[in-house]
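To start, the structure under review is shown below, and the notes come after it.
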Amino acid sequence: MPDGDIERRWWKESVVYQVYPRSFNDTDGDGVGDIPGIVEKVDYLDDLGVDVVWLNPVYDSPNADNGYDIADYRSIMDEFGTMADWEELLDELHSRDIKLIMDLVVNHTSDEHEWFVDSRAGDPEYEDFYIWRDGRDADEVSWSATEGPAGEAPPNAWKSYFGGPAWAYDEEREAWYLHLFDVKQPDLNWENPRVRDEVFEMMEWWFDKGIDGFRMDVINLISKPEGLPNDPDDPFCGAMTGPTNGPRVHEFLAEMNERVLDREYLTVGEMLGPEIPMEHARRYLDPDEDGLSMLFHFEHMLLDRGDNIWERDEWALSDLKAVFNRWDDGLKTEGWNSLYLNNHDQPRMVSRFGNDGEYRRESAKLLGTLLHTLRGTPYIYQGEELGMTNYPFESLDDFRDVDTLRPLENAIEAGEVDSFDAVKEAVRANSRDNARTPVQWSAGPNAGFTDGEPWLGVNPNKGEVNVETERADEDSVWHYYRDLISLRKEYDVVVYGEYDPLFPDDDTVWAYTRTLSTTDGDERLLVALNFSDDDVAVGLPDDVTSDEGALLIGNYPADGDPDVVSELAAGDLRLRPWEARVYDLR
Ligand code: NOJ
């Protein structure tokens, strides 16, 4: 039995599965996934063994940013179905003991939200719901915008995360409004207490409907720095740095915590920025302050990402480890980590951190092993459990994502980039659309996703990579994921054990132990992962070897194996390409 020091929470013991509804399963043949399509697959999720579903936005939206531009927080997008469909989904999930968390997008709304419509019309009740400013004299400042009255420049030089100025001129109100994302996503003014009241009431409304928590979109952007400072050398002016962790962010979230949150909910805050200072992270997660369960940071997602969609950086395994090690250490005693390697905004993990060719299967399993045996709550992004890969985009017409197309088209127009072909490899590797191609349910037409024309191309590898094939094969990525998920239910050490990295500077092998002191002695695991296409030998420190150890899970078939147990006893592991082993050290 574990000792009494563990702060048990259901959301620490859970595995979350992310559903991006547009690409999950289409039942009405319009080429867009829908909520009845998710209902149809609830048994699938149950079979896999996940505990929580995180649903990307399903609210009414004109879809400038696939639902992250919300026009009405209390209704369901027509393309996705009705509120009755959503209620059925919640019931179906709950009846199988699966929880549901919704996406909370409250840094901004759609410009079609009635608050914005009234705000731009100058309605006194709503005029301060958004961030409006007068323009500047274009002759006096060094920045400009193509839109807006002649001779006027935007209020400051901030750039949108999606490229171009973060300000748009509104003819009706004759003023500029801030949009850190698309022009159709005006930022809410959280300084206005009425905005906060509206947001908290809306959250309460969803809690009353029975949801189990929220994933909070770009929640560390809600407090803008006072005076909207404008030094072009200041990080606030650059894409991906933005006005993060602003001066009142903890005050706003603490108010949310006090008014609507509860530790029994799962809340996970998405935190933009190249680095989240640990003192901020701890405040976000402190139950007596902001009270979030977890956060998503981007540090590992930025390792290989250049400054622009058409640029790439090199990454090394030691860099990736350093990020996870820093976060484990930082939240060791206070807070709790989320664990993810892909989502709807990121390329497929097996193409990015693994080998999506010869070792697709092995490396998909290895990355899964990592996510399920580090300390934190694992998030599986739909299709990850099949080892789905990036898509072979051939031309700009193949993309749908505003955050791929807009910056690239702007750069081509400005002459910064010659053509798509000139930057094809990098854009292919970086684009969010890689994650958004339809889930591959079968080898049939459109991978069984739709009877119509899918809104985004189906990956041509659907013949090899699909649910039917994966489920039929006991050695598949899918079955391995199922085993990983159940490991979490069987071993407390997987959830609560201390994480101790071995060889932090090694660029090929990631190895670590997990240890949990219990009244019956220590529970201890060793995880060894070979991140390369070659065989590799690993000499273990003496205190990590074991004569009585057993392999709990590994990604190579057992037949004809090297004797993995005696290798452990000898302290000398021979890992094959992309091999993953988890030992119980006993
Ligand atoms: C983060 C979301 O995950 C992404 O898809 C969206 O474009 C931005 N926030 C803006 O809401």
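Quick grid of which residues meet (1) of a type in the set (A, V, I, L, M); (2) modelled with pLDDT of 95 or more:
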position: Ile131; (1), (2): yes, yes
position: Ala168; (1), (2): yes, yes
position: Arg173; (1), (2): no, yes
position: His179; (1), (2): no, yes
position: Asp197; (1), (2): no, yes
position: Phe236; (1), (2): no, no
Looking across segment 448-465 at residues that are polar (S, T, N, Q) and crowded, with 20+ Cβ neighbours inside 10 Å, the single one that is farthest from Lys365 (Cα to Cα) is Thr450
Which condition breaks for Ser119 when tested against (1) under 30 Å from Arg9 (Cβ atoms); (2) in a helix (DSSP H, G or I); (3) among the hydroxyl-bearing types (Ser, Thr, Tyr)?
(1)
Is one or more of the residues making up segment 91-105 under 16 Å from Val183 (Cα atoms) and crowded, with 18+ Cβ neighbours inside 10 Å?
yes
Selection status of Trp86, within 16 Å of the ligand (Cβ to nearest atom), touching a residue at least 12 places away in the same chain (Cβ under 8 Å) and either over 29 Å from Thr244 (Cα atoms) or not in a loop (DSSP other than H, G, I, E, B) (or both):
no
Among the candidates Arg471, Arg428, residue that is surrounded by fewer than 17 Cβ atoms within 10 Å (Cβ to Cβ), of a type in the set (Lys, Arg) and assigned to a helix (DSSP H, G or I)
Arg471
Considering only segment 411-434, state which residues are within 16 Å of the ligand (Cβ to nearest atom) and free of Cβ contacts under 8 Å to residues at least 60 places away in the same chain.
Asp433
Taking the residues in segment 272-298 that are out of contact with any strand residue (DSSP E or B) (no Cβ under 9 Å at 6 or more places or on another chain) and within 16 Å of the ligand (Cβ to nearest atom) as candidates, determine which candidate is farthest from Glu258 (Cα to Cα).
Pro274
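This table checks each residue for (1) without any contact (Cβ under 8 Å) to a residue 12 or more places away in the chain; (2) more than 22 Å from the chain's Cα centre (by Cα); (3) crowded, with 20+ Cβ neighbours inside 10 Å.
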| site | (1), (2), (3) |
| --- | --- |
| Pro438 | no, no, yes |
| Asn446 | no, yes, no |
| Asp507 | no, yes, no |
| Trp510 | no, yes, yes |
| Thr513 | no, yes, yes |
Can you name the condition, by its number, that Tyr379 falls short on among (1) in contact with a Phe, Trp or Tyr (Cβ under 8 Å, 6 or more places away or on another chain); (2) within 16 Å of the ligand (Cβ to nearest atom); (3) in a loop (DSSP other than H, G, I, E, B)?
(3)
How many residues does segment 337-373 contain that are of a type in the set (Ser, Thr, Tyr), under 16 Å from Leu303 (Cβ atoms) and either outside the structural domain of Ser293 (by TED's automatic domain parsing) or touching a strand residue (DSSP E or B) at 6+ places or on another chain (Cβ under 6 Å) (or both)?
1
So, in segment 140-186, how many residues would count as being of a type in the set (Asp, Glu) and within 16 Å of the ligand (Cβ to nearest atom)?
1
Asp128 of a type outside the set (A, V, I, L, M, F, W, C), in a loop (DSSP other than H, G, I, E, B), touching a helix residue (DSSP H, G or I) at 6+ places or on another chain (Cβ under 6 Å) and surrounded by fewer than 23 Cβ atoms within 10 Å (Cβ to Cβ):
no
Within segment 207-216, does at least one residue satisfy the condition of being modelled with pLDDT of 90 or more, farther than 23 Å from Thr377 by Cα and either crowded, with 18+ Cβ neighbours inside 10 Å or over 22 Å from the mean Cα position of the chain (by Cα) (or both)?
yes
From the list Glu362, Glu334, Glu358, which residue is farther than 26 Å from Asp103 by Cα, more than 16 Å from the ligand (Cβ to nearest atom) and surrounded by fewer than 21 Cβ atoms within 10 Å (Cβ to Cβ)?
Glu358
In the list Val50, Val105, Val117, which residue meets the criterion of being within 20 Å of the chain's Cα centre (by Cα), away from the ligand (no atom under 16 Å from the Cβ), at pLDDT 95 or above and not aromatic (Phe, Trp, Tyr)?
Val50
Looking at the structure I just gave you, is Ile38 touching a Phe, Trp or Tyr at 6+ places or on another chain (Cβ under 7 Å) and farther than 27 Å from Leu188 by Cβ?
yes
State whether one or more residues within segment 81-90 are over 22 Å from Thr267 (Cβ atoms), assigned by TED's automatic domain parsing to the domain that holds Pro378 and surrounded by 21 or more Cβ atoms within 10 Å (Cβ to Cβ).
yes
Of everything in segment 168-199 that's of a type in the set (Lys, Arg) and more than 24 Å from the chain's Cα centre (by Cα), which residue is nearest to Ala150 (Cα to Cα)?
Arg173
Can you confirm whether segment 497-510 contains a residue that is outside any loop (DSSP other than H, G, I, E, B) and under 19 Å from Trp11 (Cα atoms)?
yes
Residue count for segment 333-372, restricted to those that are at pLDDT 95 or above, under 23 Å from Ala281 (Cβ atoms) and of a type in the set (D, E, K, R):
1
Which of (1) away from the ligand (no atom under 16 Å from the Cβ); (2) under 23 Å from Glu201 (Cβ atoms); (3) modelled with pLDDT of 95 or more; (4) not in a helix (DSSP H, G or I) does Gly269 not meet, given it meets every other one?
(1)
Restricted to segment 435-451, and to residues that are within 16 Å of the ligand (Cβ to nearest atom) and part of a helix (DSSP H, G or I), which residue is farthest from Glu385 (Cα to Cα)?
Arg436
Of all residues in segment 337-350, which are within 16 Å of the ligand (Cβ to nearest atom) and part of a loop (DSSP other than H, G, I, E, B)?
Tyr340, Leu341, Asn342, Asn343, His344, Asp345, Gln346, Pro347, Arg348
Give Glu279, Glu264 a once-over and let me know the one that is over 16 Å from Met349 (Cα atoms) and in a loop (DSSP other than H, G, I, E, B).
Glu264
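The values are calculated or read from the model by the stated rules, or taken from the named source; none is laboratory data. On a predicted model such as this, the values are computed, not experimentally measured, just so you know. Note that each Cβ is placed from the backbone with ideal geometry, even for glycine, and that neighbours are counted across all protein chains shown.
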